[in-house]
Structures are given as structure tokens and as C-alpha cells.
Amino acid sequence: MSATNVAPSPQAFEDALQELYDCLNDAYWEATTIEGKDLISGCAQGVSDVLTQVHQQDFSARTPAFTQLADQVAQVNKKLTQLKSDIDKIIHRIDTATNVLGSIEKVINLAAPLFG
């Protein structure tokens, strides 16, 4: 089995969430509009909420709490997808926008096999 077929660890997902949260906090200060700041802030809050739940979750058990977390991840991913499509209008600093986009992609890609 190749490394690409191995499901990511919950720790890798948690680390990616923390990285994204940090990127979003940095991006907030570089957003050029109030609407952009609101979108980034909403995404950061959603990521923070998921991060808190991930700390408490047993990924080996598919409990109702796990199902609720999966739903929460899906909602945050929708916000992140919106941010991805609007990032070039919100952040004019290319390296910040690139960091945010890369972190969003990483989180979404790690979430898919964990919550599939």
C-alpha cells in the first residue's frame, strides 16, 4: 500500500487546523475590507471550534459526537471554500493569500478521509 492510500492521522488533521487558524489570524490583519475581515473571522472561529472538538474526539469510535463533529467540519469547509474563491479580493499580499489557500487545501484534503 502506498503512502497516498493511508488515511491521515487525527494528529495530522489537528496540526493542519492549527496551522490554518494561525494563517487566518495573520490574514485578518491584511484584509482590505470589513466584509473580508468578517469572512476571515468567521472562518477562524469555525476552525477554532472544530479544533476544540478534535482535541476531545476519539476518532476510532463513530459516536454521535463524532457525527456532530463531521457535520461541523462540513460546515466549516463550506466557509473555507467561499474564502478560497474570494481570497484574491480580500488579501492583496500574495504570500499571505498563498499561505491561506495552501492551509485551506491541506485541511480539506485531510478531513475528507477522516470524516468521509
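The residues in the range 59-80 that are modelled with pLDDT of 95 or more, among the β-branched types (Val, Ile, Thr) and either touching a strand residue (DSSP E or B) at 6+ places or on another chain (Cβ under 8 Å) or more than 15 Å from residue 116 (Cβ to Cβ) (or both) can be counted, and the count is 1. Could you grab me the full set of residues in the range 47-91 that are without any contact (Cβ under 8 Å) to a residue 12 or more places away in the chain and within 11 Å of the chain's Cα centre (by Cα)? Hit for the range 47-91 is 78, nothing else.
Residues that are farther than 20 Å from residue 106 by Cβ and touching a strand residue (DSSP E or B) at 6+ places or on another chain (Cβ under 6 Å) within the range 32-54 comprise just one, 37.
The values are calculated or read from the model by the stated rules, or taken from the named source; none is laboratory data. Keep in mind that what you see is a predicted model, and the values were worked out from it rather than measured. All Cβ positions, even for glycine, are placed from backbone atoms using ideal geometry, and neighbour counts span all protein chains on display.
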